[in-house]
Each structure stands twice: as structure tokens, then as C-alpha cells.
1. Order these peptides, 264-274, 97-107, by their mean beta-carbon neighbour count within 10 angstrom, highest first.
2. Of Ala306, Val270, Ile321, which is farthest on the positive side of the dipole of the stretch 262-326, counting Cα position, with +1 on Lys and Arg Cβ, -1 on Asp and Glu Cβ, and the Cα centre as origin?
3. Once label points are set 7 Å from the Cα along Cα→Cβ at both Asn153 and Gln78, what is their separation, rounded to one decimal in nm?
4. Return the distance in nm (one decimal) between the two label points of a simple spin-label model at Asp323 and Ala263, each offset 7 Å from Cα along Cα→Cβ.
5. Straight-line reach from Lys149: which aspartates and glutamates have Cα under 13 Å away, leaving out those fewer than 8 places along the same chain?
6. For the stretch 208-248 and the stretch 109-136, what is the separation of their Cα centres, given in Å?
7. Under a Cβ-only charge scheme (Lys and Arg +1, Asp and Glu -1), can you give me the dipole magnitude of the stretch 262-326 about the Cα centre, in debye to the nearest 20?
8. According to a simple spin-label model (label point 7 Å from Cα along Cα-to-Cβ), what is the distance in nm between Arg146 and Ile316?
Amino acid sequence: MRIALALTVTLLAFALLMMLIRIKMRQHKDLVNRMEYFSGSAVRLRQQELRGVRTAAVAKDRFREFVRRAGLFVQRIQHRGNSMDFKMQQADWPLLGSEFEVMLAIFGAICAVITLAATLEPLMALLAFVGGVLAGLLFLNIYIKRRQKAFTNQLGDMLTMVANALRAGFSFMQAFELIAREMDAPIGREVQKVVNEVNIGVDLETALDNMQRRINSPDFELVVTAVVIQRQVGGNLAQILDTISDTINERVRMRREVMALTAQGRASGVILSLLPLGLAFIISIVNPGYLKPLLEDEIGRLCIIAAIIMEVIGYIVINKIVDIKV
């Protein structure tokens, strides 16, 4: 029961932190329209709003400065390249790897303090700290995967725009600058990075290879290969990009069909994995003493460990069955 409570508190704290981050990341909205902008009530409202924004900005700047200094301290301790820096590039977050590690430690500490206040057990607090750090890493990996998936979905449209721009007389870099201006993130941001790297002297092949490493997309790897070969031996790049675009769009369509056909299997894996936890939670509320032998007896603990191992194996097997590569 205490473990379930600690996990619940950790998840709630993580959800609350993510909600606050999303609120902070939203752009500031105008609270008055143009017609009422210079009215007396609107001016007073705007002054109050600016005072509140200024106070929030000061607190945010202090927190950023603390994270920056702590990140520099962690970076000096490591004395080597931080693999988390590349993760930040993949997620397109304006953070250093060491700064993100500091934020993970802060979030884990918050989870540990909340769990310690709820359970009064240091072991549970330690588990909550580890769980908070792992939850942050899981959120980062999920965000990167979703960003890469969104990039793949935009890739066909990008190639069509590049091919049309080449036919209109643009150079390849001019077409990329057009993509950076006109298309939304993530593809617009990644193309802008390529343009910036080329502008500071990096050759195009290296810049495209860096983009491929960040995105890790087999579809974009075809584009990079086609561009490199065309620059070496020549050819009609617009026609090549049209062919690749058709292939990528067909693969995206087929991938969506496969996801629709395997949705029931993926849902079954999630439900079957969560069902024992939900059932144990309900039983512990209805009849608290019913599950005590599993928690207090040595054989009961071994049964719980065996059940968790089998649950994990079953979930992995179901995922392998429904994970069809296209």
C-alpha cells in the first residue's frame, strides 16, 4: 500500500511539473483587444499584468541562473563529453546536458520530499527520487520519439517544396532557406540549423549528416544519400526528390494502416499490464488485510517479484508481436 501511495504521489508530482512547464512555455496572450487598448480600464489591467509578469520573470531568471551555475559545476566534475548534450539537440531544448541533469535531480528531490512527507519512510523517499529521475528521462525519450515521428510526417511535403523550388530556378540552399521560413517545427527548425551551419563554413554534406544524426530517420537518410550522389555525379535532383517523396508518403500511409490494425494488440498489452496493479489497489481499499500475506510473508514477496517479472516479459512479448517495421 505504501509503495502504491509513493508511486501515485510521484506520478502526480511529475504530472503537476509537466503542466507547469507547459503553462510557462505558452506565449503571452493579449488580454485586451485593439479597440480598448488605450482605455482607462485596459491600461490599469495592463499595468497590473506587467507587474505580475515582471515578478514571475524575476523568479524565472533566478531559477535559470541557479540551473546554469549548477550545470557548469556538474560539467566541471564530469571532465568528459556528456551524451545528454546530444539528447538536448535531438529534443531541440535550449539546455545543456548538465543543466538537464540538474533539473532531473531537482524533480527527483521534489518527489522524494513529497513521498517522505506522505509515508515517513526514507526508503520510499529514495525510491521516489529514483522514480522521478527515471520519469524525467522517460519523458525526454518520448518527446524525442514524437518529434522524430512528426519530422517524418512532414518530410514528404518538404521534399515536394524543395523539388518545386529547384524547378523554379532556386539553388538547393535557397530552397532550404525557403523551407526554414515557411514550414513549422520540427522540420523548419532542423533545416534552419543546416542553413546556419553552412553559413558559418560547414560543408553541406556534413551539415546534412549532422541533421540525420539528430533526427535518426531512415527516410531522410535516403534524401541525404541522393543529394550527396547528385552533387558528385550530377543529375535531375528535382525528379529524384519527387520519387523519394512518393516513396516516403507511401511508407507513411502504410505505417498508419499498420498502426490502426495493431491498435487492439497494443491496447491489450497496456490493459493486461495495468490490470493487476489496479485490481490490487482496489482490493487494498475494499479489504486492506486481504493482501497482507503477500507483503509480510517471504513466499508472498517472492510471488510478487515473479508476477512483476512475468508482467514485464508479457508486455515486451506483446510489443514485439505488434511492432511491425515498415
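Read the figures in this text as sums done on the coordinates, not as results from a lab. Owing to the predicted nature of the structure, the values given are computational and were not obtained by experimental measurement. Cβ coordinates were reconstructed from backbone atoms using ideal geometry, including for glycine residues, and neighbour counts include every protein chain displayed.
1. Numbers: 264-274: 12.7, 97-107: 20.0.
In descending order of packing, they fall as 97-107, 264-274.
2. Towards the positive end, the residue furthest out is Ile321.
3. 3.1
4. It is 2.2 nm.
5. Asp219
6. 47
7. Numbers: 5 positive and 5 negative charges, 61 e Å.
For this selection, approximately 300 debye.
8. Going by the 7 Å Cα→Cβ label model, 2.6 nm.
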